[in-house]
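Single-structure report; data block below.
The values are calculated or read from the model by the stated rules, or taken from the named source; none is laboratory data. What you see is a predicted model, and the numbers here were worked out from it, not measured in a lab. Cβ placement follows ideal geometry from the backbone for every residue including glycine, while neighbour counts extend to all protein chains displayed. Note: areas computed on protein heavy atoms with side chains; ligands, DNA, RNA excluded. Shrake-Rupley method; radii C 1.70, N 1.55, O 1.52, S 1.80 Å.
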Amino acid sequence: MRIAVLGAGSLGTIVGAYLAAGGIDVELIDAYQEHVDTLNQVGAKVIGTTEFQAKVKAITPENKSGKYDLVLLLTKQLYNDSVLEELLPFLNEDSVVCSLQNGIPEQKVASIVGEERVIAGSVEFGATFIEPGVSKLTTDYTQFKEYAFQIGELNGETTARIQRIKSVLDLVGGTHISDNLVGTKWSKLLINNAFSGLSAALNGEYGDILDHDMGIVSAVHIADETIKVGHANGVTFAKMGGFDLESLELTSEHDVPERIQTFRVVMEPSRLLRASMLQDLEKKRKTEIDYINGVVPQMAEGTGISTPFNDLVIAQIKFAEESQTVPNFDTNIKAFEKLLSIPQNK
């Protein structure tokens, strides 16, 4: 099986390193020339909660050749039109594109490469790009080896090809087959909304949110909004890391202390993670906010559900994008404190 890791950033570098070390024929594809050169010269280095290095083959997108049996899609959704159109000549009729992007991009991916080629997945570990050739694993290593991915067919069937892809991804970390792909993607969206969104809006690690009274309460409300909007759209949330995320829904404000305690336990292995959207803001790049927190107000239209906490995250990140500034935790948390002073209808 010939594999491409399309988008060899923080996550893709780790994925490519473990696949190459496992003897897989894999190419890491990324537009960052210095990163590609370093990967070829010294290999992919993983630091953080583990230490690991592997020889890899890396190329820039214009140097793709031949056909790929499996493409692991890890680019940002912002670039899907161009990235996927350019990929088409390098796919066989039975090639598979596994979307491991944030958000819920499968419909868009399928519209370009063909629905029969698409399987979807959720990355359940975090990483930070450190420098060319080096990626930091920020999820607890034991957790990573047990729960790294969920993947599945769009129709929920357990097929021979999904089993084959699981066996490949198991070389990276624990890979689980889902028969509820929509629920899997919404579950990942929930975590991204509550923690990646706040990490970027406030400029902090996940641990900074977990440890801050107003930060963690805001995360609880963001999760609750996401669950309520998902339910209104017929979504049944899939378990993630063995945990039932639907149990985080609020029935009243009296539930908040218990939800805080749950989040602090469930998210503890990820406390070192800094959102990729925050890294984008630091580099004065456009973020994926419209495909993460932005999904919630979009899908809430016509449901009668209000989404003030997701709306505030979106507003703060878009302000940082437009002003090309990096958010300040102490300044931006005050807006959440003000929002929390307004009674919330649950």
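Just to be sure, is Glu146 open to solvent by 10 Å² or more (accessible area, probe 1.4 Å), touching a residue at least 12 places away in the same chain (Cβ under 8 Å) and acidic (Asp, Glu)? Don't jump to the end; show me each part of the working.
Numbers: open to solvent by 10 Å² or more (accessible area, probe 1.4 Å): yes; touching a residue at least 12 places away in the same chain (Cβ under 8 Å): yes; acidic (Asp, Glu): yes.
Yes; evaluated as a whole, the condition is true for this residue.
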Go through region 158-217 and give me each residue that's without any contact (Cβ under 8 Å) to a residue 24 or more places away in the chain, over 30 Å from Ala20 (Cα atoms) and of a type in the set (D, E, K, R). Asp211, Asp213
Looking only at region 67-96, count how many residues are open to solvent by 50 Å² or more (accessible area, probe 1.4 Å) and of a type in the set (Gly, Ala, Ser). 1
Which count do you get for residues in region 1-14 that are crowded, with 18+ Cβ neighbours inside 10 Å and not in a loop (DSSP other than H, G, I, E, B)? 9
Test of understanding: among Ile260, Ile317, Ile305, Ile333, which residue is closer than 13 Å to Asn193 by Cβ and at pLDDT 95 or above? Ile317
Going through Gln33, Gln77, Gln41, Gln53 one at a time, which residue ends up being at pLDDT below 95 and of a type outside the set (Phe, Trp, Tyr)? Gln77
Working only within region 209-234, note down all residues that are open to solvent by less than 10 Å² (accessible area, probe 1.4 Å) and either under 11 Å from Glu246 (Cβ atoms) or of a type in the set (Val, Ile, Thr) (or both). Ile209, Ile216, Val220, Ile222, Ala223, Asp224, Thr226, Ile227, Val229, Gly230
From the set of residues in region 215-234 that are more than 20 Å from the chain's Cα centre (by Cα) and closer than 10 Å to Ala300 by Cβ, which is modelled with the lowest pLDDT? Asn233
Across region 286-323, what is the number of residues that are open to solvent by less than 60 Å² (accessible area, probe 1.4 Å) and of a type in the set (Gly, Ala, Ser)? 5
Selection over region 28-44 where residues are farther than 22 Å from Met277 by Cβ and surrounded by fewer than 24 Cβ atoms within 10 Å (Cβ to Cβ) yields a count of 9
Which helices (runs of 4 or more DSSP H) does region 291-346 wholly contain that include 1 or more residues that are more than 20 Å from Asp211 (Cα to Cα)? 295-300, 308-323
Being under 18 Å from Val15 (Cβ atoms) and touching a strand residue (DSSP E or B) at 6+ places or on another chain (Cβ under 8 Å) is the filter here, so list the residues in region 61-94 that pass it. Pro61, Lys64, Tyr68, Asp69, Leu70, Val71, Leu72, Leu73, Leu74, Thr75, Val83, Leu87
Show me the strands (runs of 3 or more DSSP E) entirely contained within region 128-242 in which 1 or more residues are of a type in the set (Phe, Trp, Tyr) and closer than 22 Å to Leu74 by Cβ. 149-153
What is the one condition in (1) at pLDDT below 95; (2) more than 25 Å from Ser247 (Cα to Cα); (3) touching a Lys or Arg at 6+ places or on another chain (Cβ under 6 Å) that Phe90 does not satisfy? (1)
Does at least one position in region 15-22 carry a residue that is touching a helix residue (DSSP H, G or I) at 6+ places or on another chain (Cβ under 7 Å) and either open to solvent by 10 Å² or more (accessible area, probe 1.4 Å) or closer than 23 Å to Arg274 by Cα (or both)? no
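Can you name the residue in region 235-249 that is of a type in the set (A, V, I, L, M, F, W, C) and over 17 Å from the mean Cα position of the chain (by Cα) and is also most open to solvent (accessible area, probe 1.4 Å) among such residues? Give the derivation first.
Initially, region 235-249 is screened for residues of a type in the set (A, V, I, L, M, F, W, C), giving 235, 237-238, 240, 243, 245, 248.
Filter once more, so that each one left must be over 17 Å from the mean Cα position of the chain (by Cα): 235, 243, 248.
Values: Val235: 12, Phe243: 46, Leu248: 5 Å².
Checked region 235-249; the qualifying residue most open to solvent (accessible area, probe 1.4 Å) is Phe243.
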Any chance Val182 is open to solvent by less than 50 Å² (accessible area, probe 1.4 Å) and among the β-branched types (Val, Ile, Thr): no
